[in-house]
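To keep things clear, I will list the structure first and then write my remarks on it.
The values are calculated or read from the model by the stated rules, or taken from the named source; none is laboratory data. Model, not experiment: these values are computed from the prediction. When we count neighbours, we look across all protein chains shown, and the Cβ atoms used for this are built from the backbone with ideal geometry, even at glycine. Keep in mind that these areas ignore ligands, DNA and RNA; they rest on the heavy atoms of the full protein, side chains included. Shrake-Rupley method; radii C 1.70, N 1.55, O 1.52, S 1.80 Å.
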Amino acid sequence: MLVFRYFYSYEDISCYVQLICISRYELKALYENLYYLNLNTKIIVYAESVTEKPMFREAYQKRRCLAPASGFYEWRKNGRGKIPYYFSPKNEREPLVFAGLWENWNNGNETLWSFTIITTAANDFMKPIHDRMPLILKPEFWRKWIAPEAGLSEIDKILEQPAGNDVLQNWEVSPYVNNAAHEGACCIARINFL
């Protein structure tokens, strides 16, 4: 299945977004051990260790991307089950922009493009729901994050500055979102409690 995602390109950052066709939302690194992984394997990248892991080293140094989003889901444990929540920017006129890494490789028949979002420890706003969250970049870091000439010491400092507690809003949504095949406005509709 083909999925379209938006990324900012360094050359077109003033044009808002550049559409790039991405075939999978999971990083497939050019790393010999990953060659044997199932293509459905999701790879989670932790901000705390991305600079140390050989698997991510080259992508971190050369292939950083921005992944704009209108929101994301997270689930809070509740006994045996989980309750879904939708998180979106408090300022609804601006997207959330996640720090990401991208890769491409040829499997013999086609070139596969993939990306992953870097996660970080949850801020105080997120902690009641989950202990991790996407690394949300402040607008002043967007250009630097994808700039090929940016020094790694500058990029490392960005990893240490997660979003503040005033960036997000959230609300509980229906378990309908638990099925990835479901789409539409009902997926982000607030659950109204009487």
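Ranked by the mean number of other Cβ atoms within 10 Å of their residues, highest first, the peptides 95-104, 61-70 fall in the order 95-104, 61-70. Which of rounded, prolate or oblate describes the stretch 80-194 when judged by the alpha-carbon gyration tensor and an a/c cut-off of 1.5? In terms of gyration-tensor shape, oblate.
In this structure the stretch 139-194 gives 65 Å² per residue of accessible area when probed at 1.4 Å with all protein chains present. Going by accessible surface with a 1.4 Å probe and the largest first, Lys157, Lys144 read Lys157, Lys144.
Label 7 Å along Cα→Cβ of Arg76; the stretch 158-194 residues with amide nitrogen under 12 Å? The answer is 170-173. If you look for lysine pairs in the stretch 74-167 that are eight or more places apart or on different chains, how many of them have Cα atoms under 21 Å apart? Number of lysine pairs found: 7.
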